[in-house]
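The values are calculated or read from the model by the stated rules, or taken from the named source; none is laboratory data. Just so you know, these numbers come straight off a predicted model, no measurement behind them. Using ideal geometry, Cβ is built from the backbone for each residue, glycine included, and neighbour counts are taken over all protein chains shown.
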Amino acid sequence: MKVLVINGPNINFLGIREREVYGSKDYAYLVNLIEDKARKDNFEVEVFQSNHEGDIIDRIQAAYSDGTSGIIINPGAFTHYSYAIRDALSSISIPKIEVHISNIHKREEFRHTCVTSAACDGQICGLGLEGYILGIDALKNLL
């Protein structure tokens, strides 16, 4: 199994921005958490982060032919308005789980709209960084 974890804008600033929302653990901690899960469960993982919409779309499209079994994606703010990322996710037929660190449904009104989640098999939100681990487990069940 090869899992691709995609993180969108500002996720690389974990531990720096809005600690009351996203916690004090930094991005390196998140990557290590995911890589430890991969070692423990014996699967291949790639963690990709970009603040640029086109880079995220390019990486999703590359997953079509590079042996990726499933995608965990935290599109960040792109969740709420990127039809381009939604279309890229819709274009590939592997399982996809959307993850959000905070509970987007309890936050500002604009965060309640999720255009990318319709292209995913499920959404996990509000469970902190543990949501990524739960997303991987859900992905494994879908595979």
Would you check if Ile56 is in a helix (DSSP H, G or I), in contact with a Ser or Thr (Cβ under 7 Å, 6 or more places away or on another chain) and under 25 Å from Ala88 (Cβ atoms)? yes
When (1) touching a residue at least 40 places away in the same chain (Cβ under 8 Å); (2) surrounded by fewer than 19 Cβ atoms within 10 Å (Cβ to Cβ) are applied to Glu130, the one that fails is (1)
Close pairs from region 70-83: first closer than 23 Å to Glu18 by Cα, partner outside any helix (DSSP H, G or I) and of a type in the set (Gly, Ala, Ser), Cβ under 8 Å, at least 6 apart: Ile73/Gly8; Asn74/Gly8; Pro75/Gly8; Pro75/Ser82; Gly76/Gly8; Ala77/Gly8; Phe78/Gly8; Thr79/Gly8
Would you check if there is a residue in region 93-116 being assigned to a strand (DSSP E or B), charged (D, E, K, R) and either free of Cβ contacts under 8 Å to residues at least 24 places away in the same chain or buried (at least 16 other Cβ atoms within 10 Å of the Cβ) (or both)? yes
Identify the residue in region 37-50 that is among the charged types (D, E, K, R) and more than 17 Å from the chain's Cα centre (by Cα) and, among all such residues, is surrounded by the most Cβ atoms within 10 Å (Cβ to Cβ). Asp41
Could you pull out the residue among Asp87, Asp137 that is modelled with pLDDT of 95 or more, more than 13 Å from the chain's Cα centre (by Cα), part of a helix (DSSP H, G or I) and farther than 20 Å from Asn32 by Cβ? Asp87
Could you say whether any residue in region 11-22 is closer than 17 Å to Gly128 by Cβ, under 16 Å from the mean Cα position of the chain (by Cα), β-branched (Val, Ile, Thr) and at pLDDT 95 or above? yes
